[in-house]
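Notes for the one structure printed next.
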Amino acid sequence: MASTTFSGPVTSTNGFIGALTGNVTGNVTGNIAGSGRITHATTSAINATATATAAEVATGYITVTSATAVVITLPTGTLLGAALGAAKGTVFDLYIDNTASTSSGAVTVAVATNGILSSAAADTPGSFGDLTIPIGATGLARFTLMFSSATAYVFTRTA
């Protein structure tokens, strides 16, 4: 199939077939079909207590392989919003993988300035507000950040 480049709006009466590459901006409506898998081309490793950089969080996937407990503090809403190009309504998922840690290497996540635990997290600390990720096979967690502005986010554990 030939490749064609367009400038301006593109419309199809029969849909589009093939892979979408590049950046998508603006409103997207309809169905996006795929394998249901998310693959992170880049990941970050944090193996000691630290404040994660906005670039590390922006990868969407942080691995931890520590033998001791680790506290990861998220960046400020201002720094993270800038790194993600966030605006009000931006939703971002962050995965933390602690499956390779050993001994007492549990990970605890903390939010920084302009990062607020959601009401679900505050009301149900044992699930949506569970900010500790154990070691081993159950050491995977997904957190959702929902931006209320370009510089502030609400934080919830979603898996």
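Listed values, structure above:
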{"item": "Out of Leu80, Leu145, sole residue that is in a helix (DSSP H, G or I) and touching a residue at least 40 places away in the same chain (Cβ under 8 Å)", "result": "Leu80"}
{"item": "Qualifying positions in region 127-142 - among the aliphatic types (A, V, I, L, M) and part of a loop (DSSP other than H, G, I, E, B)", "result": "Leu131, Ile135"}
{"item": "In region 50-77, the residues that are among the small types (Gly, Ala, Ser), without any contact (Cβ under 8 Å) to a residue 60 or more places away in the chain and not in a loop (DSSP other than H, G, I, E, B)", "result": "Ala50, Ala54, Ala55, Ala58"}
{"item": "Selected residue (only one of Asp93, Asp130, Asp97 is of a type outside the set (Val, Ile, Thr), in contact with a Lys or Arg (Cβ under 7 Å, 6 or more places away or on another chain) and within 18 Å of Ser44 (Cβ to Cβ))", "result": "Asp93"}
{"item": "Qualifying residues in region 112-126 (those that are assigned to a loop (DSSP other than H, G, I, E, B) and under 18 Å from the mean Cα position of the chain (by Cα)) - the one farthest from Thr78 (Cα to Cα)", "result": "Ser118"}
{"item": "Residue pairs meeting the criteria (Cβ under 6 Å; at least 6 apart or on separate chains; first within 17 Å of Leu94 (Cβ to Cβ) and at pLDDT 90 or above, in region 127-140; second surrounded by 20 or more Cβ atoms within 10 Å (Cβ to Cβ) and not hydrophobic (A, V, I, L, M, F, W, C))", "result": "Asp130/Arg157; Ile133/Asn98; Gly139/Asn98"}
{"item": "Selection from region 66-91 of residues that are over 19 Å from Ala48 (Cβ atoms) and crowded, with 18+ Cβ neighbours inside 10 Å", "result": "Thr76, Gly77, Leu79, Leu80, Gly81, Leu84, Ala86"}
{"item": "Residues satisfying the stated conditions in region 92-110, i.e. surrounded by 18 or more Cβ atoms within 10 Å (Cβ to Cβ) and part of a loop (DSSP other than H, G, I, E, B)", "result": "Asn98, Ser101, Gly105, Ala106"}
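The values are calculated or read from the model by the stated rules, or taken from the named source; none is laboratory data. Since we're looking at a predicted model, the values are computed, not measured. Quick reminder, even Gly has a Cβ in these numbers, built from the backbone with ideal geometry, and neighbours come from all protein chains shown.
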